[in-house]
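As structure tokens, the structure follows; a few thoughts come after it.
The values are calculated or read from the model by the stated rules, or taken from the named source; none is laboratory data. Because the structure is predicted, anything quoted here is derived from the model rather than measured. Don't worry about glycine lacking a Cβ; one is built from the backbone with ideal geometry, like all the others, and counts go over all protein chains shown. When the accessible area is computed, the model is the full protein with side chains, heavy atoms only, and any ligands, DNA or RNA have been set aside. Shrake-Rupley method; radii C 1.70, N 1.55, O 1.52, S 1.80 Å.
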Amino acid sequence: MSNIHPTAIIDPKAEIAEDVVISPYAIIGAGVSIDNGTWIGSHVVIEGPTRIGKENRIFQFSSIGAEPQDKKYQGEATTLTIGDRNVIRESCTINRGTIQDIGKTEIGNDNWIMAYVHIAHDCIVGNHTIFANNATLAGHVTIHDYAILGGFTLVHQFCHVGEYAFTGMGTSLGKDLPPYVMAFGAPGIPRGINNEGLKRHGFDAAQRSKIKQAYRILYRSDLGFQDAINQLLEDSDQNDDIKKLTEFCQRSQNGRGIIR
């Protein structure tokens, strides 16, 4: 394949589509599958079992699909799956799953993952997310579609970050961050809704107003958190955006809980 530099090392058991570009000194291991249009930068190491989709760009010195950083790991054939059109910048580390959880790590489509990001074992990342430099996910974390993690954001094990949520630089999340909500600080605390992000993604003024009203009930009223959720559930004018918010909050009440 003319697109593979002669200094790259490709295991014969790897499956590489014809038009994949592999740069100097990259190492592609057994059990790796890379689909059409993907570009692999120099010195990237990809270990299997790992499946990488179409038109991804993985920059130099990234480590993709290495075994999980978990002392319980004993060489099981867990997996990493990366979808299409993701950008993974320099020196990122994305690990496979563990059999103690779902046995896989999954990255969706159209994500923008900046330099030095770490995505640990058994994490699930949706679509159209942004990870700024040095954002770090512990194991078992779920990041929902369109979420944005500011630089140096830290997310604790088993936490969820909801759709269109936003964290400021250096935020530390020890509990779940609901959809549409901004969090700042260490520990992270809620700081209103991601109004600018919602505008950019086509939420009209009426939608944003309804979300802001729900935020006030959850975080600015005198109600206990479960009572606030119940009030939102009883709202006869509840739209899909608010349903998404209340369903997330209900699930989180049975998990790590919601940031307060």
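Suppose the chain between I99 and I189 were pulled fully straight at 0.36 nm per residue; how much longer would it get relative to their current alpha carbon spacing? Mind dumping the intermediate values first?
Working: separation 90, 0.36 × 90 = 32.40 nm, distance 3.29 nm.
Length gained between I99 and I189: 29.1 nm.
Can you work out the Karplus-derived ³J(HN,Hα) for every residue in the range 54-71? Use 6.51 cos²θ - 1.76 cosθ + 1.60 with θ = phi - 60°, whole Hz, and x for glycine or proline.
8, 6, 8, 10, 10, 8, 4, 6, 6, 10, 10, x, 5, 4, x, 8, 9, 5
Which whole-number value in Å² is the accessible area per residue of the chain, probe 1.4 Å?
46 Å²
Using alpha-carbon pairs under 8 Å, 6+ residues apart, how would you state the relative contact order of the chain in percent?
Value for the chain: 8 percent.
With θ set to phi - 60° and the Karplus curve 6.51 cos²θ - 1.76 cosθ + 1.60, what are the ³J(HN,Hα) couplings of the range 31-40 in order, to the nearest whole Hz, using x for Gly and Pro?
Ordered by residue, 3J(HN,Hα) equals x, 9, 10, 10, 8, 4, x, 7, 10, 10 Hz.
How would F166, F158, F225 line up by accessible area, probe 1.4 Å, largest first?
Reading off the accessible areas and sorting them downward yields F158, F166, F225.
Rg(Cα) of the chain divided by 2.2 N^0.38 Å?
Normalised by 2.2 N^0.38 Å, the Cα Rg of the chain equals 1.09.
How far apart, in nanometres, would the label points at Q69 and M169 be if each is projected 7 angstrom from Cα along the Cα-to-Cβ direction?
2.3 nm
Based on DSSP H runs of at least 4 residues, each adding -39500 (n - 2.57), what is the mean residue ellipticity at 222 nm of the chain after dividing by all its residues, to the nearest 500 deg cm²/dmol?
-5500 deg cm²/dmol
Roughly to the nearest percent, how much of the accessible area of the chain is carbon and sulfur, given a 1.4 Å probe?
49 percent
So how do H140, H128 rank on accessible area, 1.4 Å probe, biggest first, that is with the largest at the start?
Per-residue accessible area, sorted high to low, gives H128, H140.
Taking the alpha-carbon distance from K54 and a cut-off under 27 Å, which lysines remain once sequence neighbours fewer than 8 residues away in the same chain are dropped?
Within reach: K13, K104.
Pull up all non-local amide H partners of M182: gap of 5 or more, or a different chain, and H-to-H distance under 5 Å with H placed in the peptide plane.
Amide H neighbours of M182: F166, R191, G192, I193, N194.
Spelling out what I want: for every residue of the range 139-148, take phi, set θ = phi - 60°, compute 6.51 cos²θ - 1.76 cosθ + 1.60 (Karplus), and round to whole Hz; glycine and proline get x.
x, 6, 8, 10, 10, 7, 3, 6, 6, 10
Computed from the mean reciprocal separation of all distinct C-alpha pairs, what Kirkwood hydrodynamic radius does the range 170-260 have, in Å? Write out the running numbers ahead of the final one.
Values: mean 1/r = 0.0744 Å⁻¹.
13.4 Å is the Kirkwood radius here.
Would you pull out the residues with amide H under 5 Å of A66's amide H, same chain only if 5 or more places away, H placed 1.01 Å from N?
E47, I94, R96
Given H placed on each backbone N at 1.01 Å, which residues far from I52 in sequence or on other chains put an amide H within less than 5 Å of it?
Amide H neighbours of I52, under 5 Å, 5+ apart: S33, I34, D35, I82.
Could you rank the peptides 146-157, 207-218 by their average count of other C-beta atoms within 10 Å per residue, with the highest value first? Each step should come with its number before you reach the end.
On the way: 146-157: 21.9, 207-218: 17.8.
Those peptides, ordered most packed to least, come out 146-157, 207-218.
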